[in-house]
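See below for the structure under consideration.
Coordinate-derived values only; no laboratory data. Keep in mind that what you see is a predicted model, and the values were worked out from it rather than measured. For neighbour counting, all protein chains shown are included, and Cβ atoms are generated from backbone atoms with ideal geometry for every residue, glycine included.
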Amino acid sequence: MWSAIETISTVALVNAFFFSALSSDHRSASGSLPGQTPGEVLALIGSGVAVTRAEIARRTGLARSTVSQRVDALIAHGFVDEGSDAPSTGGRPPRRLALRIHGHAIAGVDIGASHCRVGLLDVSGNLLVAREDPLTIADGPETVLGHVERTLRALLEAADVKATRTLRAIGVGVPGPVEFSSGRPVDPPIMPGWHHYPIPGFFEERFGVRALVDNDVNAMALAEQRRAFPGTLHLLYLKVGTGIGCGIVADGSIHRGARGSAGDIGHIRVGERDEPCRCGNSGCLEAVAGGAALAERLRELGLEAAGSLDIVQLVREGNPDAVRMVREAGRAVGEVLSGLVNFFNPETVVVGGALAAVHDQLLAGIREAVYRRSSPLATDVLRIEPSRIGENAGAIGAGTLAIEHALSPAQVDRALATDATAV
Ligand SMILES: [Zn+2]
């Protein structure tokens, strides 16, 4: 089961990540001396800034013998492959170095309120395989993570994966606030029993590799930015489903705030609205425009609507009440978003989540409010677009988080220093 996303250039994506890992000095040809450690040498290779031993020596000022030691260590630990196709000005052609894509597998896990999707990625972020199962997050961590463990083992046991790839790291997205440094959920409203549960430890004990955990909307924002909008450094990802959340990519990195709650926009008040919200306040964006609230209002009109998927179905059938409500929801989202656009000045806003399936209606309302209310400078180059990655965004984003951690210069240096073979 290969993903259609495969068609996006992986070289550009990998380069973009490593390029961001280099300091600005290191990016320019006249900069000071980068690449002092093996991890930094890997960033030079991965970014395409220096892809032969001679170029690395020239860019770093390191002796050729030192460069060779670093490169040989990176090859021995499976980070780098060496080919022989670099262009030459004569004599023996220099051997071209490249990030080693094959041999590794990274797990990306997207746990939702009522489903989980487990994927395997290569280290350039391509989704190799993914499986989705229904599950109930309220069943608690042991039950849910036990299911994820069995699914992941089944994917790793598949013949083509088992014979050629080794699991190197795991990324997990969950539908609640997460303290990123520890990977523990903090008072997650729809995840009873998960407060402070050590999710990374669960996976590290069972698979022997590092696991990173983040809020699912952050993971989706990362997937959209890295894979669909790599030229955009400032991006907001709005997830409009049962609830409403926002992932923030600032200067190419996820912005989580002081404790990890940045982007929790579902409880920002919309204008003079007074719909009661489950948080105890009233007029919250989620209570005005979330899928659960819209479904309830449609039921009051006598329509059958259990949640976001039914709303989407009604809009597609042309039901005038559903169409009107989604468009109004778009305006309410747009009203809050116009403030965020003025405050943050993103280049791109990506709208995903279940209700984005009817983006003609939703985005029309959002655009209308944002362009009416945001400042001209903030909307000058602003694009508001539907998600391009779609249903795999959470799994791909969580996997990307794990890859970028595993390939960061500090982590690579640590892996080489401890003589570990894990990426
Ligand atoms: Zn609220």
What's the extension gain from Ala306 to Glu204 if we count 0.36 nm per residue and subtract their Cα-Cα distance? 33.0 nm
For region 58-204, what is the convex hull volume of the alpha-carbon atoms per residue, in Å³? 149
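Need the full-extension length gain, Ala364 to His195, defined as separation in residues times 0.36 nm minus the C-alpha distance. One decimal, nm. Before the final figure, lay out the partial values.
Numbers: separation 169, 0.36 × 169 = 60.84 nm, distance 3.78 nm.
In short, 57.1 nm is gained.
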Can you tell me the Rg and the Dmax, both Å, for the Cα atoms in the chain? 23.0, 80
Karplus (6.51, -1.76, 1.60) ³J(HN,Hα), θ = phi - 60°, over region 118-133, in Hz, Gly and Pro reported as x: 10, x, 10, 10, 8, 6, 8, x, 6, 6, 8, 7, 8, 9, 10, 10
Label points 7 Å out from Cα along the Cβ direction at Arg150 and Ser182: separation in nm? 3.0
So for the chain, averaging the separation of alpha carbon pairs under 8 Å that are six or more residues apart and normalising by length, what relative contact order in percent results? 16
Cβ-Cβ FRET estimate between Asp251 and Arg278, R0 fixed at 30 Å, reported to 0.05: 0.30
Tell me the label-point distance for the pair Arg414, Ser68, using the 7 Å Cα-to-Cβ offset, in nm and rounded to one decimal. 3.2
Could you work out [θ]222 nm for the chain from helices alone, using -39500 (n - 2.57) per DSSP H run of at least four and dividing by all its residues? Round to the nearest 500 deg cm²/dmol. -12500 deg cm²/dmol
Whole Å is fine, so just give me how far the alpha carbon centre of region 137-211 lies from that of region 281-331. 33
Full-extension gain between Glu347 and Thr166, please, as 0.36 nm times their residue separation minus the C-alpha to C-alpha distance. 61.4 nm
Helix 393-406 versus the longest principal axis of the chain: what angle, 0 to 90°, nearest 10, using Cα atoms? 30
Per the Cauchy relation, a quarter of the hull surface: what is the mean projected area of the convex hull of the alpha carbons in region 233-387, in nm²? 8.9
Between Tyr371 and Asp133, how many nm apart are label points set 7 Å from Cα along the C-beta direction? 4.6
Given a 10 angstrom Cα cut-off, can you work out which residue in Arg100, Arg372, Arg59 is the most mobile in a GNM of the chain? Arg372
